[in-house]
Amino acid sequence: MYGLTLIAVLAVMGGVIAYIGDKLGTKIGKKKLTIFGLRPKHTSILVTIVTGILIAATTLGILAVASRDVRTALFGMAALKAELASLSQEVASKNLELETSRRELAAKTAEYTALSAKVKETASELALISRELDEVMAERDRTAAALSRVQAEYAQAKGDLSQAQQEIKTLQTTKQELDKRVAELSTAKTNLQQDVDRLNELTANLKKGIQYVREGVVVFRAGEEIATAIVKGGQSVEATQQALGALVYRTNLAITGKLGIDNSLEVLWISRHDFDEAVSLIAATPEDVVVRITSVGNTIYGEPVIGRIDLYPNRLVFAKNTVVYSQVINAGQSAEQAEEAVLLFLRRVNAEAVKQGILPDPLQGTVGSMSGAQLFETVNKVKRYGGKVELTAVTKTDIYTAGPLQIEIQVLPLRPQ
């Protein structure tokens, strides 16, 4: 109803202004009046033009006063477009965060399913050993009872003394073997029960982790390097076990320090099987071994860190002053082109180092870093020379498998022939 009224008002106002303009133009034409020294005909035409301008201005004025949308279209369109672009960008950012949270939730769910299966498998193995332990204990009791009977028969049967003594000796040996087996099975049962308890605790934490995966702080990402150290190979099992245990202990201290919690807490969890297998491999290797501890999965703040031990032989990859990679590049004339060329060269140096055997960072894939001052100096040299230059990456020291790669970049200008 409001719109119809506004249209009617505009129509009436336009008609009135047109009518007044027409009458005014007619009178001016009849009386031959002039404005600004124009001829009467041209004066009449000017009046008609002014009338049309007044109709349009009046229409826009009334619409602007009566409608907020019209005012926005006339004077606030730029601000409206800017706000629309900002809201669109915010929606895209929120959608990206939502997709990331969904992927993390799926990963946590898969990890929880795997650990649940592991708990079931361990519980089944524990039940099997328990049954075997019961059978062995029953066999031991039967053997003890048989030994008692033989001893009683020995006291009664003086004539068959030698045979009875042999049977007693055999039964005693069997009893000792069975006692030893019972002790081994008891130890295995205790270890498995500890693993079950720790897995149950971990499962409970994962259940909680899935609840707040969208708002929890990820301390370590899956595959992220937690610690790397060199352990001497070819030592005794005891010495190797002590060295590896010290590394795990230092890594646990580093994690508690990073999280700002009590350093007496055991937050790094590595399975006994993986630890013992690593000790055996290091002790059997005659050369130094790179020991890298990485995170098995994404770790939310408040959860234990499940670690994995990876082993690599620590061998000499590049001797000191060895050329790692060399390339002729076109540096261009601007600082941006020079910087882009140097960064591309560094990526190729990194790829060549990885190809030759240096361990890269599991997440970033890099084998070393360069200070900002050194990068700035190299870019300035390339920019100063301009045109084609030869870049050569030369090692500063002996570089082993563990890294990091430390290089010096030599810049040689190439003169056109």
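Report yes if A123 is under 30 Å from W269 (Cα atoms) and either over 60 Å from the mean Cα position of the chain (by Cα) or at pLDDT 85 or above (or both), otherwise no. Judged against the criteria, A123 is a match. Of the residues G307, G260, G302, the single one that is loosely packed, with under 13 Cβ neighbours inside 10 Å, under 30 Å from R103 (Cα atoms) and either without any contact (Cβ under 8 Å) to a residue 24 or more places away in the chain or within 21 Å of the chain's Cα centre (by Cα) (or both) is G260. Restricting the first member to the range 388-417 and to residues that are assigned to a loop (DSSP other than H, G, I, E, B), and the second to residues that are aromatic (F, W, Y), the beta-carbon pairs closer than 7 Å and six or more apart or on different chains are T401/Y312. When the range 343-375 is filtered for residues that are of a type outside the set (K, R), at pLDDT 85 or above and part of a helix (DSSP H, G or I), the ones remaining, listed by number, are L343, L344, F345, L346, V349, N350, A351, E352, A353, V354, Q356. Give the residue that is nearest to P313 (Cα to Cα), with candidates limited to residues of the range 264-289 that are surrounded by 18 or more Cβ atoms within 10 Å (Cβ to Cβ) and within 27 Å of the chain's Cα centre (by Cα). Checked the range 264-289; the qualifying residue nearest to P313 (Cα to Cα) is V289.
Taking T378, is it more than 19 Å from F318 (Cβ to Cβ) and free of Cβ contacts under 8 Å to residues at least 40 places away in the same chain? Against the criterion (more than 19 Å from F318 (Cβ to Cβ) and free of Cβ contacts under 8 Å to residues at least 40 places away in the same chain), T378 qualifies.
Could you identify the single residue in E125, E111, E121 that is free of Cβ contacts under 8 Å to residues at least 60 places away in the same chain, charged (D, E, K, R) and either closer than 30 Å to A222 by Cβ or part of a helix (DSSP H, G or I) (or both)? Talk me through it step by step, then tell me what you get.
Numbers: E125 fails: free of Cβ contacts under 8 Å to residues at least 60 places away in the same chain; E111 fails: free of Cβ contacts under 8 Å to residues at least 60 places away in the same chain.
Only one candidate passes the filter, namely E121.
The single condition among (1) part of a helix (DSSP H, G or I); (2) farther than 12 Å from V305 by Cα that T251 does not satisfy is (2). Condition check for L98 on (1) surrounded by 13 or more Cβ atoms within 10 Å (Cβ to Cβ); (2) at pLDDT 85 or above: one failure, at (1). The number of residues in the range 243-266 that are touching a helix residue (DSSP H, G or I) at 6+ places or on another chain (Cβ under 9 Å) and either at pLDDT 85 or above or outside the structural domain of I300 (by TED's automatic domain parsing) (or both) comes to 4. Applying the condition of being touching a residue at least 24 places away in the same chain (Cβ under 8 Å) and touching a helix residue (DSSP H, G or I) at 6+ places or on another chain (Cβ under 9 Å) to the range 361-373 and asking which residue is farthest from F220 (Cα to Cα) yields M370. Considering the conditions (1) within 31 Å of the chain's Cα centre (by Cα); (2) at pLDDT 75 or above, K208 is excluded by exactly one of them, (2).
Pairs meeting the criteria (first residue in the range 155-174 and closer than 19 Å to T143 by Cβ, second residue at pLDDT 75 or above and among the acidic types (D, E), beta carbons under 6 Å, at least 6 apart or on different chains) are lacking.
The values are calculated or read from the model by the stated rules, or taken from the named source; none is laboratory data. Since the structure is predicted, the reported quantities are computational estimates derived from the model, not experimental observations. Methodologically, a virtual Cβ is constructed for each residue, glycine included, from the backbone with ideal geometry; neighbour enumeration extends over all protein chains shown.
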